[in-house]
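Working notes, structure below.
The values are calculated or read from the model by the stated rules, or taken from the named source; none is laboratory data. Since the structure is predicted, the reported quantities are computational estimates derived from the model, not experimental observations. All Cβ positions, glycine included, derive from the backbone under ideal geometry; neighbour counts span all protein chains shown.
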Amino acid sequence: MGNRLYLKEVRLTRCTSNDNYWCRLPFYKVLSRGVSIPFSCPVTFIVGENGCGKSTLIEAIAVAMGYNAEGGSKNFTFNTRDTTSILCDELQIVKTGYEKDGFFLRAESFYNFATNIEELKLNIDNYGGKSLHDQSHGESFLALIQNRFRGKGLYILDEPESALSPMRQMTLLLEINELVSKDSQFLIATHSPILMAYPNSDIYSLDNGINKVKYNETEHYNIMRYFLNNPDGAINKLFNQ
């Protein structure tokens, strides 16, 4: 099993303004006290409730490392709407080496990325042999990962499960494991209890700061387990609360 790490630590170097929305988020308040986020496993998950700042943090790390805010490799520079936060300018990225491959997969702007590939007339063999627009959302996600991700890389994924069925999420776990064996590192923001189950990974919850949690301590796991064990009771309790 590969254990090569390229991203070792993220810390805050300065605070540019207290007026930005992320300054009110719990994870930022922790970083502003000098606490850093260490990465010691090939796969690290960032989890938490909607609005806790997962995508904000993931995007800032990706941009600080040279990736396009809307997704792609470091060679992509398209920009359909400039919503990138300046949080990336406040981060210091500590690396332990240089990856030979890398990609920022952002579910929110994947359509724009697929369009940019067509506009640039790039070799679609790297993306499954046909236009990403000619595949379903889930098929195009997996085609990208299975054909474009080559190993010895750093892959930053923002909610990749959004287009994937539970079965395809397990397929993604297989792809992640294969790439980890090829000296790759993953940083993944997710709501998926299936993906979070990847063995020997770190899980950071941003709900109340930056807290490393165990898989069975995550809200995602416990809510899903509670619901699946008794769906009728869960529905009745929800509707009659």
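Restricting the search to strands (runs of 3 or more DSSP E) fully inside segment 154-223 and requiring at least 2 residues that are surrounded by 21 or more Cβ atoms within 10 Å (Cβ to Cβ) gives 185-189, 202-205. Residues considered: Cys52, Cys23, Cys41. Of these, the only one that is without any contact (Cβ under 8 Å) to a residue 40 or more places away in the chain and of a type in the set (A, V, I, L, M, F, W, C) is Cys23. Out of Val35, Val10, which single residue is outside any strand (DSSP E or B) and at pLDDT 90 or above? Answer to the check: Val35.
Return yes or no: is Glu59 modelled with pLDDT under 95 and under 11 Å from the mean Cα position of the chain (by Cα)? Spelling it out, Glu59 is indeed modelled with pLDDT under 95 and under 11 Å from the mean Cα position of the chain (by Cα).
Here Asn147 passes the criteria (1) within 28 Å of Glu9 (Cβ to Cβ); (2) part of a helix (DSSP H, G or I); (3) touching an Asp or Glu at 6+ places or on another chain (Cβ under 9 Å) except the one numbered (1). Can you confirm whether segment 18-33 contains a residue that is under 16 Å from the mean Cα position of the chain (by Cα) and not aromatic (Phe, Trp, Tyr)? Checked against the condition, which is being under 16 Å from the mean Cα position of the chain (by Cα) and not aromatic (Phe, Trp, Tyr), segment 18-33 yields no hits at all.
If the condition is being in contact (Cβ under 8 Å) with a residue 60 or more places away in the chain, in contact with a Phe, Trp or Tyr (Cβ under 8 Å, 6 or more places away or on another chain) and among the charged types (D, E, K, R), then segment 189-241 contributes only Asp202.
Screening Phe110 with (1) within 26 Å of Ile37 (Cβ to Cβ); (2) at pLDDT 60 or above; (3) under 15 Å from the mean Cα position of the chain (by Cα) gives one miss only, at (2). Residue check: is Ala234 within 16 Å of the chain's Cα centre (by Cα) and of a type in the set (A, V, I, L, M, F, W, C)? Answer is no for this residue.
Can you find even one residue in segment 65-74 that is within 20 Å of Arg14 (Cβ to Cβ), surrounded by fewer than 20 Cβ atoms within 10 Å (Cβ to Cβ) and either out of contact with any helix residue (DSSP H, G or I) (no Cβ under 6 Å at 6 or more places or on another chain) or at pLDDT 85 or above (or both)? Yes.
Of all residues in segment 38-56, those being outside any loop (DSSP other than H, G, I, E, B) and more than 12 Å from the chain's Cα centre (by Cα) number 1.
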